[in-house]
Every structure is written in C-alpha cells, then in structure tokens.
1. Name the single residue that is modelled with the highest pLDDT among those in segment 425-456 being near the ligand (Cβ under 7 Å from one of its atoms) and among the small types (G, A, S).
2. Run down G60, G18 and say which single residue is of a type outside the set (A, V, I, L, M, F, W, C), in contact (Cβ under 8 Å) with a residue 12 or more places away in the chain, open to solvent by less than 80 Å² (accessible area, probe 1.4 Å) and over 22 Å from A113 (Cβ atoms).
3. Considering each residue of segment 220-254, count those that are in a strand (DSSP E or B), open to solvent by 20 Å² or more (accessible area, probe 1.4 Å) and of a type outside the set (A, V, I, L, M), and give that number.
4. When you scan segment 350-359, do you find a residue that is surrounded by fewer than 12 Cβ atoms within 10 Å (Cβ to Cβ), farther than 20 Å from L380 by Cα and of a type outside the set (G, A, S), even just one?
5. Here is a list of conditions, (1) crowded, with 20+ Cβ neighbours inside 10 Å; (2) in a helix (DSSP H, G or I), and S464 meets all of them except one; can you say which number that is?
6. Within segment 207-219, track down each residue that is charged (D, E, K, R) and either closer than 21 Å to V421 by Cβ or open to solvent by less than 50 Å² (accessible area, probe 1.4 Å) (or both).
7. Taking into account only those residues within segment 467-484 that are at pLDDT below 95 and either away from the ligand (no atom under 11 Å from the Cβ) or in a helix (DSSP H, G or I) (or both), which is most open to solvent (accessible area, probe 1.4 Å)?
8. I need the full set of residues from segment 311-327 which are touching a Ser or Thr at 6+ places or on another chain (Cβ under 8 Å) and hydrophobic (A, V, I, L, M, F, W, C), in order please.
Amino acid sequence: MDDFQKIQRKASLLLAIGFGVVIASGLALWFFLNQMDMSEQMIIALTAAGMFVVIMLAAGILGQLILSPFHALWQAILHVVPESTTVPAPNMNNVHFGRHLVTQLTARVYQFASQEDGIALAEHRKSVLQAVNIVSHFPLPVLVFNKELIITNASDSAMSYLALESPQLFGQRLFDSVDLEFPSERTLQTWIEDCQKNKVTDQAYWQRVHIRLRDGKTIKQCDIAAYYNRENESGTEFIVTLFDHTDLYDQDDQSLGFVALAVHELRTPLTMLRGYIEVLEEELAGKIDKELEDYVHKLRLSSDQLADFVGNVLHVVKIEQNQLSLALTEQDWGPVLREASANMRARAEAMGMHITFRIDSKLPHVAIDPVSISLVINNLLDNAIKYSKDSKEIIVTATKNRDGMVETTVQDFGVGIPENVLPHLFEKFYRSHRSRNQIGGSGLGLFLTKAIVTAHGGHIWVNSKPGQGSSFSFTLQPYAQLSDEFKSNTEGEITRQAHGWIKNHSLYRR
Ligand code: ADP
C-alpha cells in the first residue's frame, strides 16, 4: 500500500469514527433527556440542537486534521517562491496526519526549487559569457573597468591598438596600463572622479587624446567616448571606446609644422615691413590728407595683426615640441598690461570701440615673461574685439585677489559663449560652430593663452552668457612668492617649461 492509500484509509477511518461519535452522542443525549420530565417535542428539539453542536465540533477537528498535509505543502511551496520570502518553511513536527507523505512531497518541492536556481545561474553565466564575447570581438578598442579602475574586460583590438598582452591589461589598474595625455584639464580621471561623486550614469567624449605606448616612442592620437553606470550589477562601471585618428591628427600636426616653417620665413620680411610702415606713419603724419593717413594707420594695424598670428603659430609649435621656456622677471603689472594692450587698443579704436582699464594702483610686482604674457593679453583682447558684435565697450580689470594673486579680467559685452562649448574653449584648434562660419580665427589663441598662463603658475577661466558677453580672467603669481627660487638662479631669470598636454593620472605637465 502506498502513502496516499494509507492517508485515504486513515481519512475514511477518521470520518467513520467522527460519524460514530456524532450518532453515539445523539443517542446518549436522547436517552438522558427521556429520563427527564419534559414533553416529546422538547426532547426532539434539544437532541437536535445538541447533535448540531457535536457535528460542528467534529467537522472542525476532522477538517483541520485531514487538511493538515495540504497546509504543510502549501507552506513549503510558498516558502521557495522568490516573491514571498516571508512564509516560513513548515515544521514537520506539527504534521500529525500523513507526515511521511508530506515530508516526501516537500523534499521534492525543495529539490525543484534548487534546480530552478541552477537554471537561473546557468542563464546568468551564459549572458555574462555572451557579453565578454561581444566585447572581445568588438571591432574597436574597448576597455571595461570597475569602480576600483581595474580593467575587467577588453577587446582584442584594444590589445593590439595599445600593443599590450592580456596580462598587461586584464586585472591591471587602467592608468598603470594606459598612458593618456589630454589637451585640457578635463581628463578621463577628472570625469571619473566627478561621476563617482555626483552621477548615476553619464557619458563623455574627448578629442585629440595622446596615448603613449610602452616603447615610450610611439604616440597614438585618438578620440575617446566613455560611459558610466554606478553600481552596475555586472561590476562594469565604466566602458571606454577609443577611436583612432592618429593619421588625421598627425597630418594636422604636420600641417602645423609646415605652417610654422612658412610662418617662420615670414617673420623677417614682416618685421621689416612693420618697421617701414612705422617710419612712414611717423614721417607722413600731418603731411598727407586725413584719408591717406588713415590708410597708413590701418596698414600698420593689419601688419600688427599678422605679426600676432605669426607669434601665435610659432609659440604653439614650441609648446607642442616642448620647447617653449619662459624667462620670468620682476615687473610692475600695470604698465606692462597697458603697453601690451597698446596695439589692440589702437585696433579697437579704429573699429569705433573703447577699452577701459581699471588697474589697482597697489598691485604687487609680478613674475612674468613679458614677451609671452603680451601674447596672452593680445589674444584675449583680440577675441573680445572679434566677438563683441555691436557692443563698443571692453573692460580690462587688474586687482589682487583673496589668495594674494594678481587677477586680470578682460570683459566684453558681445555674443557670449554657450555653456556646452565652455569646457572645450582652451583645446587646440577648437572653434565653436558659430565662430567657424562667421568670424576668422585659428582656434589656437586660447590654447596658447592657457599654456602660457599655467606655465606662469597661474590659472585661467571664463564666465560667459550667450547674448550678454564674456569675461576671461587669469591670475599671475606675485614676484615675492618666487624670490627664493629666483635667488638661487645665477642668471637672474627663472626658466619654466610650458606644455599644453595634461597627463591623465597626475595632472602634471611633462
Ligand atoms: P579663434 O582664433 O577662433 O578666436 P581662440 O582659441 O582664441 O580661437 O578661441 C576659441 C573659440 O572660443 C572661438 O572660436 C570662439 O568660439 C570662442 N571665444 C573665444 N573668446 C570669445 C569671446 N570673448 N566671446 C565669445 N566667444 C569667444
């Protein structure tokens, strides 16, 4: 006889006993009431009521007993269903009826549930493998890393692009394996830090990133796209894709080299031209009519503009080749600022504009290289003039700020700069779409300006609102802060290297 038949027999027996008890108690009650002195109707009514109570009691007790195995099974099933984690497992000691059968069936339920878990795990493993497979065969260099910046996955093309074997990449910290240099201080590292502090998901894009390979000689140039997803279940917080543009950017650099060569040749005749124009202007002053005098004046302004462009290109090439060094000397900033602005002031006036100077009379002396710093002033004022549109006012302010640095601001009230453009302004060759189409320029001015200011130990930043104008500010170190360094220098000059490339992992300039 199997367990189920046993239960069936037990249940029949229990029901039979139940019926027996009900009939016996009915008879007993009937007999008992007949001994009493009461009418027949009364006896029938009381017996019926008594039997009703006994039937209800028997049904309750028998029902609970016979259904107790189902209750235990129900509890066992709910216990393993993932959505109802609050139902406890049944306690078999409380099952008095069909315990053997129930124990066997609940064991089966647990067994099925664990098989289901196993299937889910296998599915998960399969999808992870699939993801790994997709990444490894992805036809672009892709790096995947976790929140500790440990590389957890990489495509085969990443390995060949970076010329690394898998042990040099997998399980390594990103910046130990990949040497990146960025054209501005908005690096992958600063973005990662920002994401981890402030974001849940984010994306970012960089152009013209240098990757220095392990051989120390080869430099690849690429754009980088990065994706961040905080606490991603798979542990892949960051995905970075590299888009190689080495040929294209190398070509740009070579063109810059070629332009530099050509521009270098322009320098001597240009200097002579400017000299002659200056002499002409002085000699002819008052001797020719006003219109001709005006032409000569404009000739001089244009030759100055050309000279500024030549200076910019040559300086950028020097920065690129890590050959720009500054000779810092002690200078009174007010007069230097005015003198460096003279050409731009003349240009502004020729265009009906006016530059107002608000220079604090108690500024400390600054440590500057006057030739390089005049490029900074020229570029900022040149931009203020170019992007002023119909506004005629430019304000130059110089004050000592809270940190004791000398802070200079060039403010215009022109077209302003959209917010999405601001992070790119100081990158080499960067020009906003609007300026590209409407206003002449090379996209080198602010790159150069920033490189020179940072090499001076200062900072440069911009505040701008489209339609309201822009303020470019930069700081310079007071000479007193450098005096010890200066004293130890026998030639009376402090030389500093200026370079525009920011190492990703330490933010120092090489
Ligand atoms: P450009 O030769 O194009 O002026 P810069 O490096 O000097 O090159 O400037 C880069 C870009 O920054 C410009 O193309 C322009 O879009 C924007 N810009 C710079 N200065 C200003 C300004 N004062 N007002 C508005 N936009 C500016």
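The values are calculated or read from the model by the stated rules, or taken from the named source; none is laboratory data. This one's a predicted model, so the numbers in the text were calculated from it and none came from an experiment. Methodologically, a virtual Cβ is constructed for each residue, glycine included, from the backbone with ideal geometry; neighbour enumeration extends over all protein chains shown. These accessible areas exclude ligands, DNA and RNA; they are computed on the full protein's heavy atoms, side chains included. Shrake-Rupley method; radii C 1.70, N 1.55, O 1.52, S 1.80 Å.
1. G445
2. After ruling out the rest, the residue left standing is G18.
3. Within segment 220-254, the subset in a strand (DSSP E or B) is 220-229, 238-244.
Next, only the ones that are open to solvent by 20 Å² or more (accessible area, probe 1.4 Å) stay: 220, 225, 227, 229, 239, 241, 243-244.
Add one more test, that the residue is of a type outside the set (A, V, I, L, M), and what stays is 220, 227, 229, 241, 243-244.
So the count comes out to 6.
4. no
5. Against the list (1) crowded, with 20+ Cβ neighbours inside 10 Å; (2) in a helix (DSSP H, G or I), S464 comes up short only on (2).
6. If we filter segment 207-219 for residues that are charged (D, E, K, R), which is where we start, we get 208, 212, 214-215, 217.
Residue satisfying the conditions is R208 alone.
7. D484
8. Of segment 311-327, the ones touching a Ser or Thr at 6+ places or on another chain (Cβ under 8 Å) are 312-313, 315, 324-327.
Hits for segment 311-327 are V313, L324, L326, A327.
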